[in-house]
Amino acid sequence: MLTIDWKERLVNDTKDYLANKLPNKDYDFDIIFNAYPERVSGKIPSEVINFVSGKIVTLLGRKHAKYIPFYLHLWDKKGEYGRSAFIVIISRLFRKQPETYLEVLEHAMNNANPTELSSLLERVVLPVMRKDIPKYLPQVLTWNEHEDPEIRKASVNLIIKLIRRRPDAIPEIIDHFTALWLRPLGEDQANHIALFKAIRKIDPEAYSKVWSDFGHQRDPEIVEILTGTLQHWEPEIEEFVEIWTKSGNARVKKAGLSAMRTLQKKKKKKAKSK
């Protein structure tokens with residue numbers, strides 16, 4: 001835990017850095033905290049990085065947009081400390097001026113590993129999207145079309161986190177993703193399965209409606225998505241699956257037979273619980 005003395009020193013060193021080094025494009029911000037004596041697994045504690053990063057935003061005030069090259073340098077050139085600082089800084093600034101910082105965020109997304117992607121989206125985008133779904137959800141949905149499969153996966157995981165707190169967004173999300181079933185999904189099929197499994201847990205009625213709307217389909221990919229989401233038994237679902245087990249299409253029949261085995265187990269378990 002940061003002591004009062006160290007907080008004061010870090011604040012003073014941050015002020016000195018912002019006044020004398022940052023204006024000269026000296027982006028070695030680690031000079032602010034390198035003297036901190038404690039280490040966790042040989043590294044500066046995250047609490048220190050977070051504290052300094054927050055102070056940078058506060059002290060820059062309205063001049064923050066002037067230093068976008070600095071934020072990009074943190075992400076691109078300053079390693080783990082820089083990326084941690086970037087996430088804290090952009091999470092504070094994005095909510096103030098999303099139009100200004102969207103490009104900065106996407107730059108980081110395009111150069112992030114899966115763990116960093118998750119942290120970026122959860123800490124920068126999720127808080128503002130929960131407050132204003134119409135404003136931010138369309139942008140997140142565009143990331144589901146991104147050429148990078150990791151970004152597509154991360155965008156779906158972000159949507160799952162959103163609907164856990166904002167189930168009112170589920171109808172729009174269902175409409176968007178089921179519309180994509182008209183084309184081959186390839187490796188993204190797993191993302192759709194994960195999403196609709198989450199929808200089943202959050203809003204069973206909405207999930208059942210998806211089955212009512214698409215259970216008559218014979219497209220192998222749609223069948224594989226629906227059967228891949230099964231976590232319970234319903235008589236209507238069993239009727240759809242029964243038809244698939246007799247399909248002349250090998251993929252549909254295989255998915256149907258596997259789903260029927262799952263349904264029978266769920267059905268027996270439900271009967272025993274009564």
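Rule-based calculations on the coordinates, nothing more; no lab input. As the structure is a computational prediction, the values presented were derived from the model and not from experiment. Note that we place each Cβ from the backbone using ideal geometry, even for glycine, and neighbour counts take in every protein chain shown.
Overview of values
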read-out	value
Set of lysines near Lys96 by C-alpha distance (under 26 Å), chain-local residues within fewer than 8 positions excluded	Lys7, Lys15, Lys21, Lys25, Lys55, Lys63, Lys66, Lys77, Lys78, Lys131, Lys135, Lys161
Burial ranking of peptide ranges 208-215, 238-245, 95-102 (average Cβ count within 10 Å, highest at the top)	238-245, 208-215, 95-102
Under Karplus coefficients 6.51, -1.76 and 1.60, residue-wise ³J(HN,Hα) of region 209-214 in Hz, glycine/proline x	5, 4, 5, 4, 7, 10
C-alpha long axis of helix 79-94 to longest principal axis of the chain, angle in °	80
About the Cα centre, charge dipole magnitude for region 218-274 (Lys/Arg +1, Asp/Glu -1 at Cβ), debye	540
Whole-Hz couplings from phi, Karplus 6.51/-1.76/1.60, listed for region 45-55; x for Gly and Pro	x, 4, 4, 5, 4, 5, 5, 5, 4, x, 5
q = 0.23 Å⁻¹: log10 I(q)/I(0) that the Debye formula gives for region 1-111, counting C-alpha atoms only	-1.40
Spacing of the two label points (7 Å from each Cα toward its C-beta) at Ala19 and Leu182, in nm	6.2
Normalised alpha carbon radius of gyration of region 158-274 [divisor 2.2 N^0.38 Å]	1.05
Read-out Kirkwood radius over Cα pairs in Å, derived from the coordinates shown; its label in [x] 23.0; [y] 19.9; [z] 21.6	[z]
Nearest 10 degrees, 0 to 90: helix 235-244 Cα axis against the chain principal axis	80
Rg(Cα) / (2.2 N^0.38 Å) computed for region 218-274, rounded to two decimals	1.10
Reachable lysines, given that their alpha-carbon falls under 17 Å from the alpha-carbon of Lys246 and they are not under 8 places away in the same chain	Lys254
Nearest 10 degrees, 0 to 90: helix 4-20 Cα axis against the chain principal axis	80
Whole-number Å³ per residue for the convex hull built on Cα positions in region 34-170	121
Rounded FRET efficiency, nearest 0.05, which uses the C-beta distance separating Arg95 from Asp219 and R0 of 30 Å	0.15
Asp148-Ala250 FRET efficiency (beta carbon distance; Förster radius 25 Å; 0.05 resolution)	0.20
Rel. contact order, % - alpha carbon contacts under 8 angstrom, at least six apart, region 129-214	26
Computed over the chain: relative contact order in percent, which uses C-alpha pairs under 8 Å that are six or more apart	9
Most fluctuating residue given options Ile87, Ile31, Ile160, as computed from a GNM of the chain linking Cα atoms under 10 Å	Ile31
Relative contact order [Cα under 8 Å, 6+ residues apart], region 1-111, whole percent	23
